[in-house]
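Reading through the structure tokens given below for one structure.
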Amino acid sequence: MNARDIRKFFLSIVLPSILAILLFIISFYVIIIPSFEKNLMENKKEMISELTNTAWSLIEEYYNEYRAGRIGREEAMQLAASRIGKMRYGDEKKDYFWITDMRPFMVMHPYRQELNGTDLSNFKDHQGKRLFVDAAEIVSEKGEGYINYIWQWKDDTTLIVPKLSYVKGFSQWKWIIGTGIYLEDVQQEIKILEKRLNRIAFVIIIIIAFALLYIIRQSMTIEYRRKKAEHKLLLSQQKYKTLVGASTIGTLMMAENRIIYANQKFLDLSGSQRNELSKKRIEDLFDLDWQSITDSFRDPGKSVTIETIIKSRTNTIEVLLSVSKVRYNNDYSYIIVVNELSRSRIINRHSKVLQDEIQSSVLLMNQSVSHLTRDYLSCNLDYPVSEAVNLLKRKNKSALLIKQKGQIIGIATASDFLNRAMSEQIELNAPVSSIMSAPVVSVSENCLIHEAILTCILHGISYLQVNNTEGKCIGLLEYKNLLEVQQNLIAQLFNEMNKAESASKLKDIYHRMNGIIELLVCSGARHGNLTRLISTFSDSINVRIIEMAIENEGAAPCDFCFIAMGSQGRMEQTLCTDQDNGFIISEQFKNNEAAKLYFRRLGERITADLNTVGYNYCKGNVMASNPQWIKSLKEWKEQFSLWVNNSDPQSLMDVNIFFDFRAIYGNSSFSDDLRAHLNKIAKGKAVFFYHLSQEIIRFKSPLSVFGKILGEHETPDSNLVDIKKLLMPVAGFARLYALRALITETNTLNRLKKLRNSEDMPDDLIDEITEAYGILMETRLRLQTTCLSEGKDPSNILDINQLTNIEQTTIRKVLSLINDLATKVRLDFGGTI
């Protein structure tokens with residue numbers, strides 16, 4: 001290495017290592033050893049305090065004997081003093097107790113018996129300290145305490161050493177009992193402790209020094225290899241630059257989302273300057289991200305093609321990228337060939353989209369009106385106008401059929417009540433027949449939507465009576481509902497949604513969208529398109545509600561991301577769904593209580609409005625209104641780390657919806673960062689995947705051993721099955737394998753698509769799972785639209801007896817496949833812990 005590299009190495013590796021050793025030595029002698037010494041002294045003081053309390057308890061025992069009249073006072077005092085005088089403790093059994101009184105006179109001293117009974121007021125130690133007077137003062141003021149003085153060494157009167165005693169008064173006899181420790185003993189123990197700690201510190205320093213030397217040596221080796229690898233990389237880059245430069249098609253060479261080289265053809269196509277190119281990433285050049293490119297490679301030997309646009313030009317150019325993965329210098333690089341899409345290919349693609357839209361419109365217009373027919377109200381022709389108005393208002397209807405002797409003879413609409421009754425000044429108690437229109441135009445329930453529209457236009461009316469095949473009235477059809485189908489209603493609803501200013505308006509749009517979904521289901525639209533439409537609509541509802549909430553609560557105090565979990569996170573919502581959402585807020589505001597309060601209020605407003613619209617509150621309270629799910633990015637990462645590293649199978653079943661999170665509003669980079677963290681911590685975690693797999697393994701199939709589908713109660717006559725529960729193991733299967741493969745997709749079908757061609761996931765199995773999922777989802781959507789047409793709330797409870805034999809056979813095959821999936825999961829994950 002040259003002098004500059006050596007200096008850099010010394011400052012970044014060697015110097016911090018030396019400072020680490022010095023810091024350890026300083027902290028050891030300045031903090032650790034003094035702390036041990038202090039703790040040892042405190043323990044000694046606590047010991048003599050406890051011993052003194054024990055002797056004090058013995059005196060109290062004799063005092064109680066005296067109080068009970070069993071012995072005299074003098075006898076009790078003599079017995080107590082005699083017994084305490086014989087008490088010894090310590091390793092040599094030479095440590096003792098002594099007793100004085102408050103005058104102070106010596107009551108008992110086992111080694112200085114010449115002092116017994118003498119006045120100690122003027123007794124001083126070798127430093128002139130009147131220790132017994134000090135003891136009496138401490139007991140008089142506090143009742144107990146510590147004194148320092150000089151005293152003979154145990155029973156050796158020739159050796160005088162420092163001593164620390166603890167004294168405590170016995171007020172009934174005005175005695176003071178005390179015992180002490182020789183500080184020489186404590187200092188000796190401290191020296192022994194210091195020697196041990198010094199030896200330990202020396203061993204630790206030697207180990208740290210050898211470890212740091214090893215690290216320094218390894219770092220030097222790594223630095224040498226890095227330099228060598230850089231040299232090899234430079235040679236490899238020159239080789240590929242030559243190939244790229246010779247290409248007559250726009251070509252790029254990239255490594256780790258860094259542009260290594262681009263030929264002149266690409267520079268001309270993109271309008272970029274060569275000196276600017278090295279600073280750009282793939283996201284700066286094309287409408288896609290680097291991760292999507294790297295994730296596309298299942299087989300490094302095959303190239304992938306991606307349609308996108310070049311972003312760096314003023315005029316948008318659609319291009320087709322052909323990406324190849326090449327290996328050199330033990331790493332991967334990517335060669336990207338850029339072809340401009342031909343005009344015919346672009347036209348064909350847009351034509352296909354237009355064809356799908358036209359086909360959807362044609363399918364809708366050729367549906368029967370029965371799905372748009374709604375229940376009707378009726379009354380007799382002599383019914384008062386005022387009562388009729390109240391009836392319409394109470395039932396929230398806009399038209400009323402008028403009957404005479406059970407036969408429908410006319411209709412009175414809301415506009416009739418407003419216009420004719422007012423202009424003609426009809427009395428409120430007048431019969432409703434005075435403002436009705438007659439006769440009522442009727443159509444058959446088999447009438448097609450476009451035929452019903454023509455009938456309304458020809459007669460200039462807003463309502464049609466719908467009759468069954470027997471000519472009996474089964475409901476009313478409103479012209480405005482027919483027009484909604486004729487127009488590009490979906491786009492119109494989204495436009496209205498963006499302009500809505502209240503949750504009640506959004507609720508009206510939500511119900512109208514449910515009507516469109518009902519028609520699409522009946523027209524045979526694919527479940528994937530329907531769930532995607534429902535989820536896109538739901539996302540837009542969420543966004544508008546969040547915008548309205550921010551308008552009411554004020555601007556957010558920091559960056560945040562509103563995330564959805566569960567079915568919305570997987571983009572698999574149906575007509576019966578609830579909320580699963582939360583907030584990721586900026587790290588710098590995680591401890592800001594004002595910010596947390598703002599997001600809690602914001603979350604409460606958002607979830608309340610969503611509930612008003614039709615997205616029910618989550619029964620488990622997994623919502624942005626719950627402070628538990630308002631977290632900073634770091635807190636969310638810690639939460640996911642806890643789930644991955646410490647959870648058990650049951651708790652993971654309760655939180656698995658969180659693994660399907662997706663950004664809905666705000667700074668989506670928070671969600672992306674959290675997804676990257678989840679993939680990082682989950683990678684290779686066998687215990688986590690074992691626990692996560694238990695949801696699928698423990699799934700109890702409603703298919704009996706004899707092939708009969710059992711209902712919820714598992715009795716022979718039970719026929720009700722929750723179809724949502726049948727979908728859970730399929731979604732869980734895709735989630736489990738996608739997390740293991742580090743796939744960022746959350747949608748079940750997209751996850752399965754990404755898993756295709758992997759080692760343990762053959763194409764035919766993916767095809768079977770995809771088909772099974774489609775069957776269950778289509779059945780679920782049909783069930784929910786049937787509920788809507790019958791005037792009920794959408795439900796997931798399926799009556800097996802309502803299915804045809806073919807449908808029941810199909811469901812049995814799906815359940816059999818789910819059982820096979822559980823077996824596969826058990827084999828792949830059951831033995832990994």
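Could you work out the relative contact order of the chain? I mean the mean sequence separation of Cα pairs under 8 Å and 6+ apart, divided by the number of residues, in percent.
Details: 1139 pairs, mean separation 49.0, N = 833.
Averaging sequence separation for qualifying contacts and normalising by length gives 6 percent for the chain.
Collect residues whose amide H, placed 1.01 Å from N in the peptide plane, falls under 5 Å from the amide H of residue 319; neighbours closer than 5 in sequence don't count.
Correct list: 308, 309, 310, 341.
Return one whole number: the accessible area per residue of region 64-195 in Å², for a 1.4 Å probe.
Per-residue accessible area for region 64-195 comes out at 54 Å².
Long-range amide H contacts for residue 667: which residues qualify at under 5 Å (H placed 1.01 Å from N, peptide plane, sequence gap of 5 or more or a different chain)?
560, 561, 562
At 0.36 nm per residue, minus the direct Cα-Cα distance, what do residue 480 and residue 728 gain on full extension? Give it in nm, one decimal, please.
That works out to 85.4 nm of additional length.
In a Debye calculation with equal point scatterers on the alpha-carbon sites of region 484-630 and no solvent, what is log10 I(q)/I(0) at q = 0.10, 0.14, 0.18, 0.20 Å⁻¹?
Computed log10 I(q)/I(0) values: -0.36, -0.68, -1.03, -1.22.
Keeping all protein chains in position, work out how much accessible area residue 637 exposes to a 1.4 Å probe, and write it in Å² to the nearest 10.
Accessible area, nearest 10 Å²: 50 Å².
Can you give me the distance in nm between label points at residue 397 and residue 89, each placed 7 Å from the Cα along the Cα-to-Cβ direction?
About 9.6 nm, to one decimal.
Return the ratio Rg/(2.2 N^0.38 Å) for region 104-205, where Rg is computed over Cα atoms only.
That works out to 1.38 for region 104-205.
Give me the Å³ per residue figure for the convex hull around the C-alpha atoms of region 770-825.
Values: hull volume 4.8 nm³, N = 56.
That works out to 86 Å³ per residue.
Might you report the magnitude of the Cβ-based charge dipole of region 541-621 about its Cα centre, with Lys and Arg at +1 and Asp and Glu at -1, to the nearest 20 debye? Before the final figure, lay out each step's value.
Numbers: 8 positive and 11 negative charges, 32 e Å.
That gives region 541-621 a dipole magnitude of about 160 debye.
Given the pairs 93/124; 405/480; 634/680, which span a C-alpha to C-alpha distance of over 19 angstrom in this model?
Exceeds cut-off: 93/124; 405/480.
Just by accessible area at a 1.4 angstrom probe, what is the order of 632, 504 from largest to smallest?
The ordering from most to least exposed comes out as 504, 632.
Which one, (1) 220; (2) 170; (3) 362, gives volume of the Cα convex hull per residue in Å³ as derived from the coordinates shown?
(3)
Roughly how much of residue 773 is accessible, in Å² to the nearest 10, using a 1.4 Å probe?
Roll a 1.4 Å probe over it and residue 773 shows about 10 Å².
With θ taken as phi - 60° and the coefficients 6.51, -1.76 and 1.60, list the Karplus ³J(HN,Hα) couplings across region 120-125 in order, rounded to whole Hz; mark glycine and proline as x.
Result, ordered by residue: 9, 4, 10, 6, 10, 7 Hz.
Dipole magnitude of the chain about its Cα centre, charges +1 at Lys/Arg Cβ and -1 at Asp/Glu Cβ only, in debye to the nearest 20?
Dipole about the Cα centre, nearest 20: 2680 debye.
Which FRET efficiency, nearest 0.05, do residue 543 and residue 805 yield, Cβ-Cβ r, R0 41 Å?
Given R0 = 41 Å and the Cβ-Cβ separation, E is 0.35.
Once amide H atoms are placed 1.01 Å from N in the peptide plane, what residues at a sequence separation of 5 or more from residue 710, or on another chain, have their amide H within under 5 Å of its amide H?
703, 704
Mind scanning 227/637; 753/792; 44/86 and naming the pairs with a C-alpha gap bigger than 24 Å?
Where the Cα-Cα span goes over 24 Å, the pairs concerned are 227/637; 753/792.
Whole-Hz Karplus ³J(HN,Hα) for region 25-30, in order, using 6.51 cos²θ - 1.76 cosθ + 1.60 and θ = phi - 60°, x for Gly and Pro?
Each residue of region 25-30 in turn: 4, 4, 5, 5, 8, 8 Hz.
Rounded to the nearest 0.05, what FRET efficiency do residue 790 and residue 309 give with R0 = 45 Å and r taken as the Cβ-Cβ distance? Could you check? If you can, show how the numbers build up before the last one.
Working: r = 48 Å, r/R0 = 1.06.
Efficiency, from the Cβ-Cβ distance: 0.40.
Need the full-extension length gain, residue 191 to residue 257, defined as separation in residues times 0.36 nm minus the C-alpha distance. One decimal, nm.
Details: separation 66, 0.36 × 66 = 23.76 nm, distance 6.24 nm.
Contour length minus the Cα-Cα distance gives 17.5 nm.
Using a 1.4 Å probe and counting only protein heavy atoms, arrange 476, 720, 418 so the residue with the most accessible area comes first.
Ranking 476, 720, 418 by accessible area, largest first, yields 418, 720, 476.
Using a 1.4 angstrom probe with every protein chain in place, what is the largest-first accessible-area order of 512, 281, 73?
The residues order as 281, 73, 512, largest area first.
Under 12 Å from the Cβ of residue 813, count the other residues' Cβ atoms, weight Lys and Arg +1, Asp and Glu -1, and hand me the total.
Cβ neighbours under 12 Å give a net charge of -3.
By the scheme Lys and Arg +1, Asp and Glu -1, what is the net charge of all other residues having a beta-carbon under 12 Å from that of residue 124?
For residues surrounding residue 124, the net value is 0.
Roughly how many nanometres apart are two label points built 7 Å out from the Cα toward the Cβ at residue 203 and residue 378?
Placing both labels 7 Å beyond Cα along the Cβ direction yields 9.9 nm.
Please calculate the 1.4 Å probe accessible area of residue 74, with all protein chains present, and give it to the nearest 10 Å².
The value for residue 74 is about 110 Å².
Identify, among 567, 671, 323, the residue whose Cα sits farthest towards the positive end of the charge dipole of the chain, taking +1 on the Cβ of Lys and Arg and -1 on the Cβ of Asp and Glu, with the dipole about the Cα centre.
Positive-end residue among those listed: 323.
Calculated from DSSP H runs of 4 or more alone, at -39500 (n - 2.57) each and per residue, what is the 222 nm mean residue ellipticity of the chain, nearest 500?
-17500 deg cm²/dmol
How much length is gained if the chain between residue 646 and residue 324 is pulled fully straight, taking 0.36 nm per residue apart and subtracting their Cα-Cα distance, in nm to one decimal?
Between residue 646 and residue 324, full extension yields 111.9 nm more.
Looking at region 429-568, I'd like the Rg to Rh ratio, where Rg is from alpha-carbon atoms and Rh is Kirkwood's inverse mean 1/r.
Reported Rg/Rh, Kirkwood definition of Rh: 1.11.
As I understand it, the dipole of the chain uses +1 on the Cβ of Lys and Arg and -1 on the Cβ of Asp and Glu, about the Cα centre. Which of 169, 221, 630 lies farthest toward its positive end?
Toward the positive end, the furthest listed residue is 221.
Can you run phi through the Karplus equation (6.51, -1.76, 1.60; θ = phi - 60°) for region 525-538 and list ³J(HN,Hα) in whole Hz, with x for Gly and Pro?
Taking θ as phi minus 60°, the curve returns 4, 6, 4, x, 5, 5, 5, 5, 5, 4, 5, 4, 4, 4 Hz for region 525-538.
In debye, nearest 20, what is the charge dipole magnitude of region 582-656 about its Cα centre with +1 on Lys and Arg Cβ and -1 on Asp and Glu Cβ, if you could check?
200
Roughly speaking, to the nearest percent, how much of the chain's 1.4 Å accessible area is carbon and sulfur?
After summing per-atom areas, the C and S share lands at 51 percent.
Would you mind counting up the charge near residue 575? Only other residues with Cβ under 15 Å from its Cβ, with Lys and Arg at +1 and Asp and Glu at -1.
With Lys, Arg at +1 and Asp, Glu at -1, the neighbours total +1.
Using a 7 Å offset from the Cα along the Cα-to-Cβ direction at both residue 550 and residue 824, what is the distance between the two label points in nm, to one decimal?
Using points 7 Å along Cα→Cβ, the separation is 4.2 nm.
I want to make sure I understand the PRE zone here: with the label point 7 angstrom from the Cα of residue 183 toward its beta carbon, which residues in region 111-127 have backbone N atoms less than 19 Å away?
124-127
The values are calculated or read from the model by the stated rules, or taken from the named source; none is laboratory data. Everything numeric in this text was worked out from a predicted model, so none of it was measured. Using ideal geometry, Cβ is built from the backbone for each residue, glycine included, and neighbour counts are taken over all protein chains shown. What goes into the accessible areas is simple: the full protein's heavy atoms, side chains included, and nothing from ligands, DNA or RNA. Shrake-Rupley method; radii C 1.70, N 1.55, O 1.52, S 1.80 Å.
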